[in-house]
1. Could you tell me which numbered condition GLN177 fails, if it satisfies all but one of (1) crowded, with 17+ Cβ neighbours inside 10 Å; (2) at positive phi?
2. Of the residues VAL393, VAL462, VAL397, which is open to solvent by 10 Å² or more (accessible area, probe 1.4 Å), at negative phi and in contact with a helix residue (DSSP H, G or I) (Cβ under 6 Å, 6 or more places away or on another chain)?
3. For the range 169-188, which positions are modelled with pLDDT under 95 and in contact with a Gly (Cβ under 9 Å, 6 or more places away or on another chain)?
4. Just to be sure I understand, how many residues within the range 412-431 are among the hydrophobic types (A, V, I, L, M, F, W, C) and surrounded by fewer than 21 Cβ atoms within 10 Å (Cβ to Cβ)?
5. With respect to GLY86, determine if the residue is surrounded by fewer than 18 Cβ atoms within 10 Å (Cβ to Cβ) and under 24 Å from PHE197 (Cα atoms).
6. If I ask for residues that are closer than 29 Å to ASP290 by Cα and either out of contact with any Cys (no Cβ under 9 Å at 6 or more places or on another chain) or of a type outside the set (A, V, I, L, M) (or both), which ones from the range 429-449 would you list?
7. Out of GLY371, GLY349, I need the residue that is free of Cβ contacts under 8 Å to residues at least 40 places away in the same chain, buried (at least 22 other Cβ atoms within 10 Å of the Cβ) and not charged (D, E, K, R). Which one?
Amino acid sequence: MAQKEAEQHKSPEVPPDGGWGWMVVLGAAIINMVNQALFSVFGLIFGETLKDMAGGHATGITLVMAVSVCVTNFSGLLVGPMMKRGISVRTITILGVLSVGLGMILSSFASTIWHIVISYGFFTGLGLGLVASSTFLAISEFFTQRKSTAVGLSMAGTSTGQMIMPIFVGLLLKNYQFHGTTLILGCISCTGMVGAFLFKPMFCCAKANDPHEVEQGKYDLNSNANVNKPDIKKLDNNTSESESLLSGQVRAIVVAESDPKTKTPFIIVSKESMLQKRTSCLRKVVTTWDLHLLKDFRFVHMSLGLGLGYVSSISFSTFLPMFLQDEVKFDMWQTTTCMTALSAADIAGRMTTSEIFRKLKLGNRSQFMIGAILLAISRSLLVSLTSYNMMLVLSVVVGYIRSITVINQNLVISEYIPKHELPSAVGLNMLVKGFFVMSVGEPLGMLKDAFDYDTCIHLLDVILICVVISWTTEIVLYKKCLKKRKENNVITTTPAA
(Lines give C-alpha, C1' and ligand atoms only; values in the text may rest on other atoms or scores of the structure.)
Protein backbone atom coordinates (compact mmCIF):
# COMPACT_ATOMS: atom_id res chain seq x y z
CA MET A 1 0.00 0.00 0.00
CA ALA A 2 2.79 2.40 0.90
CA GLN A 3 4.50 1.71 -2.40
CA LYS A 4 1.29 2.44 -4.33
CA GLU A 5 0.77 5.70 -2.47
CA ALA A 6 4.35 6.72 -3.23
CA GLU A 7 3.77 6.02 -6.93
CA GLN A 8 0.60 8.11 -6.89
CA HIS A 9 2.45 11.07 -5.40
CA LYS A 10 5.24 11.00 -7.94
CA SER A 11 6.29 14.14 -9.75
CA PRO A 12 4.14 15.08 -12.75
CA GLU A 13 7.27 14.50 -14.84
CA VAL A 14 5.97 10.90 -15.21
CA PRO A 15 2.66 11.03 -17.14
CA PRO A 16 0.02 8.64 -15.79
CA ASP A 17 -1.09 7.73 -19.36
CA GLY A 18 -4.73 7.88 -18.29
CA GLY A 19 -6.40 8.44 -14.95
CA TRP A 20 -7.44 12.07 -14.57
CA GLY A 21 -6.07 12.55 -18.07
CA TRP A 22 -9.37 11.30 -19.51
CA MET A 23 -11.12 14.16 -17.73
CA VAL A 24 -8.62 16.51 -19.36
CA VAL A 25 -9.54 14.97 -22.72
CA LEU A 26 -13.21 15.60 -21.95
CA GLY A 27 -12.45 19.20 -21.04
CA ALA A 28 -10.47 19.71 -24.25
CA ALA A 29 -13.32 18.20 -26.31
CA ILE A 30 -15.83 20.61 -24.70
CA ILE A 31 -13.53 23.58 -25.39
CA ASN A 32 -13.01 22.55 -29.01
CA MET A 33 -16.72 22.01 -29.57
CA VAL A 34 -17.77 25.50 -28.44
CA ASN A 35 -14.68 27.44 -29.58
CA GLN A 36 -12.66 25.83 -32.39
CA ALA A 37 -15.84 24.88 -34.26
CA LEU A 38 -16.66 28.59 -34.69
CA PHE A 39 -13.99 28.87 -37.38
CA SER A 40 -15.97 26.58 -39.71
CA VAL A 41 -19.08 28.79 -39.62
CA PHE A 42 -17.32 32.12 -40.06
CA GLY A 43 -18.81 32.70 -43.52
CA LEU A 44 -22.29 31.78 -42.32
CA ILE A 45 -22.13 34.18 -39.35
CA PHE A 46 -20.33 37.16 -40.86
CA GLY A 47 -20.71 36.73 -44.63
CA GLU A 48 -23.82 38.81 -45.34
CA THR A 49 -23.06 41.42 -42.69
CA LEU A 50 -19.54 42.05 -43.99
CA LYS A 51 -20.81 42.26 -47.57
CA ASP A 52 -23.35 44.89 -46.55
CA MET A 53 -20.67 46.84 -44.66
CA ALA A 54 -18.39 46.72 -47.73
CA GLY A 55 -21.11 47.83 -50.16
CA GLY A 56 -21.66 44.40 -51.67
CA HIS A 57 -17.96 43.51 -52.08
CA ALA A 58 -16.22 40.51 -50.53
CA THR A 59 -13.16 42.47 -49.38
CA GLY A 60 -14.40 42.62 -45.79
CA ILE A 61 -14.71 38.84 -45.58
CA THR A 62 -11.18 38.22 -46.86
CA LEU A 63 -9.73 40.96 -44.64
CA VAL A 64 -11.27 39.67 -41.40
CA MET A 65 -10.43 36.07 -42.25
CA ALA A 66 -6.82 36.94 -43.11
CA VAL A 67 -6.33 38.85 -39.83
CA SER A 68 -7.94 36.05 -37.84
CA VAL A 69 -5.78 33.31 -39.41
CA CYS A 70 -2.59 35.35 -38.90
CA VAL A 71 -3.32 36.16 -35.25
CA THR A 72 -4.40 32.56 -34.52
CA ASN A 73 -1.19 31.04 -35.85
CA PHE A 74 1.16 33.72 -34.54
CA SER A 75 -0.35 33.61 -31.05
CA GLY A 76 1.12 30.15 -30.60
CA LEU A 77 4.45 31.88 -29.95
CA LEU A 78 3.04 33.35 -26.73
CA VAL A 79 2.39 30.02 -25.04
CA GLY A 80 6.02 28.96 -24.56
CA PRO A 81 7.17 32.19 -22.85
CA MET A 82 4.01 32.29 -20.72
CA MET A 83 4.62 28.78 -19.43
CA LYS A 84 8.28 29.48 -18.76
CA ARG A 85 7.15 32.30 -16.51
CA GLY A 86 5.08 29.91 -14.42
CA ILE A 87 1.64 30.46 -16.00
CA SER A 88 -0.18 27.12 -16.00
CA VAL A 89 -1.81 25.49 -19.00
CA ARG A 90 -5.19 25.87 -17.34
CA THR A 91 -4.73 29.63 -16.93
CA ILE A 92 -3.65 30.02 -20.57
CA THR A 93 -6.69 28.02 -21.70
CA ILE A 94 -9.05 30.16 -19.61
CA LEU A 95 -7.51 33.33 -21.09
CA GLY A 96 -7.97 31.87 -24.57
CA VAL A 97 -11.61 30.93 -23.95
CA LEU A 98 -12.38 34.38 -22.51
CA SER A 99 -10.67 36.03 -25.49
CA VAL A 100 -12.82 34.04 -27.95
CA GLY A 101 -16.00 34.91 -26.05
CA LEU A 102 -15.03 38.58 -25.72
CA GLY A 103 -14.35 38.81 -29.44
CA MET A 104 -17.74 37.37 -30.36
CA ILE A 105 -19.58 39.57 -27.84
CA LEU A 106 -17.82 42.71 -29.08
CA SER A 107 -18.72 41.70 -32.65
CA SER A 108 -22.40 41.91 -31.71
CA PHE A 109 -21.97 45.68 -31.26
CA ALA A 110 -19.99 46.17 -34.50
CA SER A 111 -21.16 48.73 -37.04
CA THR A 112 -18.13 48.85 -39.37
CA ILE A 113 -15.67 46.35 -40.85
CA TRP A 114 -12.86 47.61 -38.62
CA HIS A 115 -14.89 46.81 -35.52
CA ILE A 116 -15.10 43.16 -36.64
CA VAL A 117 -11.40 43.15 -37.65
CA ILE A 118 -10.52 44.08 -34.07
CA SER A 119 -13.16 42.01 -32.27
CA TYR A 120 -13.18 38.78 -34.28
CA GLY A 121 -9.90 39.11 -36.17
CA PHE A 122 -7.76 39.99 -33.15
CA PHE A 123 -9.53 38.87 -29.95
CA THR A 124 -11.21 35.72 -31.25
CA GLY A 125 -8.16 34.85 -33.37
CA LEU A 126 -5.89 35.27 -30.34
CA GLY A 127 -8.13 33.07 -28.20
CA LEU A 128 -8.35 30.31 -30.80
CA GLY A 129 -4.55 30.23 -31.08
CA LEU A 130 -4.05 30.01 -27.31
CA VAL A 131 -6.70 27.31 -26.99
CA ALA A 132 -5.26 25.22 -29.85
CA SER A 133 -1.81 25.11 -28.22
CA SER A 134 -2.83 24.83 -24.57
CA THR A 135 -5.34 21.98 -24.99
CA PHE A 136 -2.73 19.88 -26.81
CA LEU A 137 -0.07 20.62 -24.20
CA ALA A 138 -2.46 19.76 -21.36
CA ILE A 139 -3.15 16.36 -22.90
CA SER A 140 0.56 15.79 -23.57
CA GLU A 141 1.25 16.10 -19.85
CA PHE A 142 -1.01 13.17 -19.00
CA PHE A 143 -0.34 10.70 -21.83
CA THR A 144 2.58 8.85 -23.42
CA GLN A 145 1.54 5.59 -25.11
CA ARG A 146 -2.08 6.68 -25.64
CA LYS A 147 -1.39 10.29 -26.51
CA SER A 148 -2.61 9.86 -30.11
CA THR A 149 -5.88 8.34 -28.93
CA ALA A 150 -6.37 11.11 -26.36
CA VAL A 151 -5.67 13.86 -28.90
CA GLY A 152 -8.02 12.20 -31.40
CA LEU A 153 -10.86 12.05 -28.87
CA SER A 154 -10.37 15.69 -27.89
CA MET A 155 -10.36 16.76 -31.54
CA ALA A 156 -13.57 14.80 -32.12
CA GLY A 157 -15.17 17.64 -30.16
CA THR A 158 -14.18 20.02 -32.97
CA SER A 159 -15.79 17.79 -35.62
CA THR A 160 -18.93 17.39 -33.51
CA GLY A 161 -19.19 21.15 -33.19
CA GLN A 162 -18.66 21.56 -36.94
CA MET A 163 -21.66 19.30 -37.56
CA ILE A 164 -23.92 20.99 -35.03
CA MET A 165 -22.88 24.62 -35.47
CA PRO A 166 -24.19 25.26 -39.02
CA ILE A 167 -27.72 24.15 -38.07
CA PHE A 168 -27.62 25.98 -34.75
CA VAL A 169 -26.22 29.19 -36.26
CA GLY A 170 -28.82 29.06 -39.04
CA LEU A 171 -31.61 28.97 -36.45
CA LEU A 172 -30.04 31.80 -34.46
CA LEU A 173 -29.68 34.03 -37.53
CA LYS A 174 -33.27 33.37 -38.48
CA ASN A 175 -34.59 34.38 -35.07
CA TYR A 176 -32.04 36.89 -33.68
CA GLN A 177 -30.20 38.24 -36.75
CA PHE A 178 -26.47 38.97 -36.73
CA HIS A 179 -26.15 41.00 -33.53
CA GLY A 180 -28.13 38.59 -31.37
CA THR A 181 -26.42 35.55 -32.87
CA THR A 182 -22.88 36.74 -32.16
CA LEU A 183 -23.87 37.77 -28.62
CA ILE A 184 -25.32 34.31 -27.89
CA LEU A 185 -22.35 32.53 -29.48
CA GLY A 186 -19.97 34.64 -27.38
CA CYS A 187 -21.71 33.54 -24.21
CA ILE A 188 -21.67 29.91 -25.35
CA SER A 189 -17.93 30.17 -26.08
CA CYS A 190 -17.32 31.21 -22.47
CA THR A 191 -18.80 27.91 -21.29
CA GLY A 192 -15.53 26.39 -22.48
CA MET A 193 -14.15 27.45 -19.08
CA VAL A 194 -15.97 24.42 -17.66
CA GLY A 195 -13.61 22.26 -19.69
CA ALA A 196 -10.60 24.39 -18.70
CA PHE A 197 -11.38 23.88 -15.00
CA LEU A 198 -10.77 20.15 -15.55
CA PHE A 199 -7.14 20.87 -16.44
CA LYS A 200 -4.47 20.58 -13.80
CA PRO A 201 -1.52 23.02 -13.86
CA MET A 202 1.02 20.29 -14.55
CA PHE A 203 3.92 22.36 -15.87
CA CYS A 204 6.24 23.14 -12.98
CA CYS A 205 9.55 24.89 -13.63
CA ALA A 206 12.58 24.51 -11.39
CA LYS A 207 14.46 27.68 -10.66
CA ALA A 208 18.15 27.69 -11.50
CA ASN A 209 20.13 29.64 -8.96
CA ASP A 210 23.61 28.27 -9.71
CA PRO A 211 25.78 31.23 -10.81
CA HIS A 212 27.93 28.97 -12.99
CA GLU A 213 24.86 27.88 -14.95
CA VAL A 214 23.84 31.50 -15.38
CA GLU A 215 27.29 32.40 -16.62
CA GLN A 216 27.26 29.62 -19.22
CA GLY A 217 23.78 30.48 -20.42
CA LYS A 218 22.17 27.41 -18.89
CA TYR A 219 19.54 29.20 -16.89
CA ASP A 220 15.82 28.98 -16.35
CA LEU A 221 13.71 32.02 -17.16
CA ASN A 222 11.71 31.34 -14.01
CA SER A 223 14.81 32.04 -11.95
CA ASN A 224 14.65 35.09 -9.71
CA ALA A 225 18.39 35.55 -10.16
CA ASN A 226 19.53 38.49 -12.25
CA VAL A 227 20.78 36.84 -15.45
CA ASN A 228 22.61 39.98 -16.55
CA LYS A 229 24.42 40.28 -13.25
CA PRO A 230 28.13 39.48 -13.79
CA ASP A 231 30.48 37.95 -11.31
CA ILE A 232 31.88 40.33 -8.71
CA LYS A 233 35.43 39.48 -7.78
CA LYS A 234 37.34 40.97 -4.93
CA LEU A 235 40.84 42.12 -5.71
CA ASP A 236 43.84 40.83 -3.89
CA ASN A 237 45.48 43.42 -1.66
CA ASN A 238 48.69 43.13 -3.69
CA THR A 239 47.02 43.75 -7.06
CA SER A 240 46.04 47.17 -8.37
CA GLU A 241 42.78 47.85 -10.16
CA SER A 242 44.44 48.84 -13.43
CA GLU A 243 46.63 45.72 -13.45
CA SER A 244 43.61 43.54 -12.87
CA LEU A 245 41.66 45.11 -15.75
CA LEU A 246 44.63 44.85 -18.13
CA SER A 247 45.39 41.27 -17.16
CA GLY A 248 41.78 40.25 -17.71
CA GLN A 249 41.19 39.01 -14.18
CA VAL A 250 38.09 41.18 -13.92
CA ARG A 251 35.71 40.83 -16.85
CA ALA A 252 32.81 43.05 -15.96
CA ILE A 253 32.61 44.71 -12.58
CA VAL A 254 35.46 45.10 -10.11
CA VAL A 255 35.03 45.84 -6.43
CA ALA A 256 38.02 47.08 -4.48
CA GLU A 257 38.24 48.07 -0.84
CA SER A 258 39.73 51.54 -0.46
CA ASP A 259 39.73 51.51 3.33
CA PRO A 260 39.82 48.33 5.40
CA LYS A 261 37.81 50.02 8.13
CA THR A 262 35.00 51.56 6.08
CA LYS A 263 35.20 49.02 3.22
CA THR A 264 33.87 51.57 0.75
CA PRO A 265 33.72 49.91 -2.68
CA PHE A 266 34.90 51.36 -5.97
CA ILE A 267 32.89 49.99 -8.91
CA ILE A 268 34.53 49.98 -12.33
CA VAL A 269 32.41 49.11 -15.37
CA SER A 270 34.34 47.90 -18.40
CA LYS A 271 33.37 47.81 -22.08
CA GLU A 272 33.12 44.08 -21.87
CA SER A 273 30.41 44.53 -19.24
CA MET A 274 28.23 46.44 -21.69
CA LEU A 275 28.79 43.83 -24.41
CA GLN A 276 27.87 41.13 -21.95
CA LYS A 277 24.57 42.86 -21.20
CA ARG A 278 23.73 43.11 -24.89
CA THR A 279 24.62 39.46 -25.43
CA SER A 280 22.50 38.38 -22.50
CA CYS A 281 19.49 40.26 -23.91
CA LEU A 282 19.87 38.40 -27.20
CA ARG A 283 20.29 35.18 -25.26
CA LYS A 284 17.05 35.91 -23.45
CA VAL A 285 15.17 36.22 -26.74
CA VAL A 286 16.66 32.98 -28.07
CA THR A 287 15.96 31.11 -24.83
CA THR A 288 12.45 32.51 -24.35
CA TRP A 289 11.24 31.20 -27.70
CA ASP A 290 13.73 28.31 -27.93
CA LEU A 291 14.91 29.67 -31.27
CA HIS A 292 17.83 27.26 -31.22
CA LEU A 293 15.29 24.75 -32.56
CA LEU A 294 15.58 26.51 -35.91
CA LYS A 295 19.15 25.20 -36.14
CA ASP A 296 17.78 21.65 -36.07
CA PHE A 297 17.30 20.65 -39.72
CA ARG A 298 14.96 17.76 -38.90
CA PHE A 299 12.63 19.97 -36.86
CA VAL A 300 12.54 22.65 -39.58
CA HIS A 301 11.92 19.99 -42.22
CA MET A 302 9.06 18.53 -40.19
CA SER A 303 7.51 21.96 -39.65
CA LEU A 304 7.65 22.80 -43.35
CA GLY A 305 5.99 19.50 -44.24
CA LEU A 306 3.28 19.95 -41.60
CA GLY A 307 2.68 23.50 -42.82
CA LEU A 308 2.16 22.34 -46.40
CA GLY A 309 -0.10 19.54 -45.18
CA TYR A 310 -2.16 22.05 -43.18
CA VAL A 311 -2.58 24.34 -46.21
CA SER A 312 -3.58 21.37 -48.36
CA SER A 313 -6.22 20.32 -45.80
CA ILE A 314 -7.90 23.69 -45.25
CA SER A 315 -7.76 24.59 -48.96
CA PHE A 316 -9.52 21.32 -49.85
CA SER A 317 -12.19 22.02 -47.22
CA THR A 318 -12.74 25.44 -48.85
CA PHE A 319 -12.84 24.14 -52.43
CA LEU A 320 -14.98 21.02 -51.92
CA PRO A 321 -18.46 22.59 -51.45
CA MET A 322 -17.84 24.99 -54.34
CA PHE A 323 -16.62 22.09 -56.52
CA LEU A 324 -19.76 20.08 -55.74
CA GLN A 325 -22.10 22.95 -56.57
CA ASP A 326 -20.30 24.74 -59.43
CA GLU A 327 -18.72 21.87 -61.37
CA VAL A 328 -20.59 18.69 -60.40
CA LYS A 329 -23.87 20.68 -60.30
CA PHE A 330 -25.17 19.16 -57.08
CA ASP A 331 -28.10 20.90 -55.44
CA MET A 332 -27.91 22.19 -51.86
CA TRP A 333 -29.32 18.99 -50.36
CA GLN A 334 -26.82 16.73 -52.15
CA THR A 335 -23.94 19.04 -51.24
CA THR A 336 -24.82 19.20 -47.55
CA THR A 337 -25.34 15.42 -47.47
CA CYS A 338 -21.83 14.80 -48.81
CA MET A 339 -20.33 17.35 -46.41
CA THR A 340 -22.21 15.84 -43.45
CA ALA A 341 -21.05 12.33 -44.40
CA LEU A 342 -17.46 13.60 -44.59
CA SER A 343 -17.71 15.25 -41.16
CA ALA A 344 -19.31 12.17 -39.57
CA ALA A 345 -16.56 9.94 -40.95
CA ASP A 346 -13.99 12.45 -39.68
CA ILE A 347 -15.39 12.13 -36.16
CA ALA A 348 -15.28 8.33 -36.38
CA GLY A 349 -11.71 8.51 -37.66
CA ARG A 350 -10.51 10.76 -34.85
CA MET A 351 -11.95 8.34 -32.31
CA THR A 352 -10.59 5.10 -33.83
CA THR A 353 -7.58 5.52 -36.13
CA SER A 354 -5.11 6.41 -33.38
CA GLU A 355 -5.89 3.21 -31.48
CA ILE A 356 -5.54 1.16 -34.68
CA PHE A 357 -2.09 2.62 -35.41
CA ARG A 358 -1.07 2.19 -31.78
CA LYS A 359 -1.78 -1.54 -32.09
CA LEU A 360 0.36 -1.57 -35.24
CA LYS A 361 3.14 0.22 -33.28
CA LEU A 362 3.65 2.93 -35.89
CA GLY A 363 5.10 6.32 -34.98
CA ASN A 364 3.20 9.57 -35.48
CA ARG A 365 5.32 10.64 -38.42
CA SER A 366 4.74 7.31 -40.16
CA GLN A 367 1.02 7.67 -39.48
CA PHE A 368 0.98 11.13 -41.04
CA MET A 369 2.79 9.91 -44.17
CA ILE A 370 0.46 6.92 -44.60
CA GLY A 371 -2.56 9.19 -44.11
CA ALA A 372 -1.18 11.75 -46.59
CA ILE A 373 -0.72 9.11 -49.32
CA LEU A 374 -4.17 7.60 -48.80
CA LEU A 375 -5.74 11.07 -48.60
CA ALA A 376 -4.15 12.18 -51.87
CA ILE A 377 -5.42 9.05 -53.65
CA SER A 378 -8.95 9.26 -52.23
CA ARG A 379 -9.31 13.00 -52.98
CA SER A 380 -8.18 12.49 -56.57
CA LEU A 381 -10.77 9.73 -56.96
CA LEU A 382 -13.39 12.00 -55.39
CA VAL A 383 -13.00 14.69 -58.06
CA SER A 384 -12.76 12.13 -60.88
CA LEU A 385 -15.80 9.95 -60.11
CA THR A 386 -18.66 12.43 -60.00
CA SER A 387 -21.79 10.28 -59.69
CA TYR A 388 -23.78 11.03 -56.56
CA ASN A 389 -23.46 7.55 -55.02
CA MET A 390 -19.69 7.43 -55.62
CA MET A 391 -19.27 10.94 -54.26
CA LEU A 392 -21.16 9.99 -51.12
CA VAL A 393 -19.03 6.88 -50.54
CA LEU A 394 -15.76 8.69 -51.28
CA SER A 395 -16.75 11.56 -48.97
CA VAL A 396 -16.91 9.02 -46.14
CA VAL A 397 -13.51 7.60 -47.14
CA VAL A 398 -11.90 11.06 -47.41
CA GLY A 399 -13.34 12.15 -44.05
CA TYR A 400 -12.08 9.03 -42.28
CA ILE A 401 -8.58 9.24 -43.76
CA ARG A 402 -8.34 13.00 -43.26
CA SER A 403 -8.57 12.48 -39.51
CA ILE A 404 -5.17 10.72 -39.58
CA THR A 405 -3.35 13.81 -40.86
CA VAL A 406 -5.30 16.20 -38.62
CA ILE A 407 -4.63 14.25 -35.41
CA ASN A 408 -0.90 13.94 -36.05
CA GLN A 409 -0.22 17.60 -36.86
CA ASN A 410 1.17 18.38 -33.40
CA LEU A 411 1.95 14.78 -32.46
CA VAL A 412 4.71 14.62 -35.08
CA ILE A 413 6.40 17.52 -33.29
CA SER A 414 5.86 16.10 -29.78
CA GLU A 415 7.33 12.75 -30.86
CA TYR A 416 10.64 14.42 -31.75
CA ILE A 417 10.98 17.42 -29.41
CA PRO A 418 11.77 17.09 -25.66
CA LYS A 419 8.88 17.94 -23.34
CA HIS A 420 10.45 21.09 -21.88
CA GLU A 421 10.80 22.58 -25.39
CA LEU A 422 7.40 21.40 -26.68
CA PRO A 423 5.41 24.63 -26.03
CA SER A 424 7.87 26.70 -28.07
CA ALA A 425 8.09 24.02 -30.77
CA VAL A 426 4.29 23.97 -31.17
CA GLY A 427 4.29 27.77 -31.36
CA LEU A 428 6.99 27.80 -34.06
CA ASN A 429 5.07 25.14 -35.97
CA MET A 430 1.93 27.30 -35.85
CA LEU A 431 4.01 30.23 -37.11
CA VAL A 432 5.12 28.19 -40.12
CA LYS A 433 1.51 27.19 -40.84
CA GLY A 434 0.40 30.82 -40.66
CA PHE A 435 3.15 31.81 -43.08
CA PHE A 436 2.08 29.15 -45.60
CA VAL A 437 -1.59 30.12 -45.32
CA MET A 438 -0.74 33.74 -46.12
CA SER A 439 1.69 32.96 -48.95
CA VAL A 440 -0.07 30.05 -50.68
CA GLY A 441 -3.70 31.19 -50.45
CA GLU A 442 -3.50 33.89 -53.11
CA PRO A 443 -1.66 31.75 -55.74
CA LEU A 444 -4.24 28.98 -55.26
CA GLY A 445 -7.05 31.48 -55.87
CA MET A 446 -5.35 32.66 -59.07
CA LEU A 447 -4.89 29.06 -60.17
CA LYS A 448 -8.56 28.37 -59.62
CA ASP A 449 -9.49 31.40 -61.75
CA ALA A 450 -7.17 30.20 -64.53
CA PHE A 451 -8.28 26.55 -64.48
CA ASP A 452 -10.96 24.83 -62.36
CA TYR A 453 -11.55 23.33 -58.94
CA ASP A 454 -10.52 19.76 -59.75
CA THR A 455 -7.13 21.01 -61.04
CA CYS A 456 -6.57 22.83 -57.74
CA ILE A 457 -7.53 19.75 -55.73
CA HIS A 458 -5.14 17.58 -57.76
CA LEU A 459 -2.40 20.14 -57.07
CA LEU A 460 -3.15 19.92 -53.34
CA ASP A 461 -2.74 16.14 -53.60
CA VAL A 462 0.61 16.59 -55.34
CA ILE A 463 1.73 18.78 -52.43
CA LEU A 464 0.97 15.95 -49.99
CA ILE A 465 2.90 13.44 -52.10
CA CYS A 466 5.89 15.82 -52.26
CA VAL A 467 5.88 16.09 -48.46
CA VAL A 468 5.92 12.29 -48.13
CA ILE A 469 8.77 11.94 -50.66
CA SER A 470 10.80 14.66 -48.95
CA TRP A 471 10.30 13.17 -45.46
CA THR A 472 11.09 9.64 -46.70
CA THR A 473 14.33 10.87 -48.29
CA GLU A 474 15.35 12.62 -45.07
CA ILE A 475 14.61 9.54 -42.94
CA VAL A 476 16.62 7.26 -45.25
CA LEU A 477 19.60 9.62 -45.33
CA TYR A 478 19.45 10.13 -41.56
CA LYS A 479 19.50 6.37 -40.93
CA LYS A 480 22.45 5.99 -43.30
CA CYS A 481 24.35 8.70 -41.44
CA LEU A 482 23.63 7.00 -38.11
CA LYS A 483 24.81 3.67 -39.49
CA LYS A 484 28.07 5.21 -40.77
CA ARG A 485 28.64 6.95 -37.48
CA LYS A 486 28.21 3.70 -35.57
CA GLU A 487 30.62 1.93 -37.91
CA ASN A 488 33.20 4.68 -37.45
CA ASN A 489 32.84 4.46 -33.67
CA VAL A 490 33.38 0.69 -33.80
CA ILE A 491 36.52 1.14 -35.93
CA THR A 492 37.99 3.78 -33.61
CA THR A 493 37.28 1.84 -30.42
CA THR A 494 38.51 -1.58 -31.66
CA PRO A 495 42.32 -0.83 -31.43
CA ALA A 496 41.89 0.55 -27.93
CA ALA A 497 40.17 -2.63 -26.88
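1. (1)
2. None of the other options fit; the residue is VAL397.
3. Within the range 169-188, LEU172, LEU173 meet the criteria.
4. Residues meeting the conditions: 1.
5. Answer is yes for this residue.
6. Across the range 429-449, the qualifying residues are ASN429, MET430, LEU431, VAL432, LYS433, GLY434, PHE435, PHE436, SER439, VAL440, GLY441.
7. Every option except GLY371 fails the conditions.
Here's the yes/no breakdown for (1) modelled with pLDDT of 85 or more; (2) closer than 23 Å to PHE319 by Cβ; (3) open to solvent by less than 60 Å² (accessible area, probe 1.4 Å):
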position: GLY21; (1), (2), (3): yes, no, yes
position: GLY60; (1), (2), (3): no, yes, yes
position: SER68; (1), (2), (3): yes, yes, yes
position: ASN73; (1), (2), (3): yes, yes, yes
position: VAL79; (1), (2), (3): yes, no, yes
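The values are calculated or read from the model by the stated rules, or taken from the named source; none is laboratory data. None of these values were measured; they are calculated from a predicted model. Cβ: placed from backbone, ideal geometry, glycine included. Neighbour counts: every protein chain shown. The area values use the complete protein model at the heavy-atom level, side chains included, leaving out ligands, DNA and RNA. Shrake-Rupley method; radii C 1.70, N 1.55, O 1.52, S 1.80 Å.
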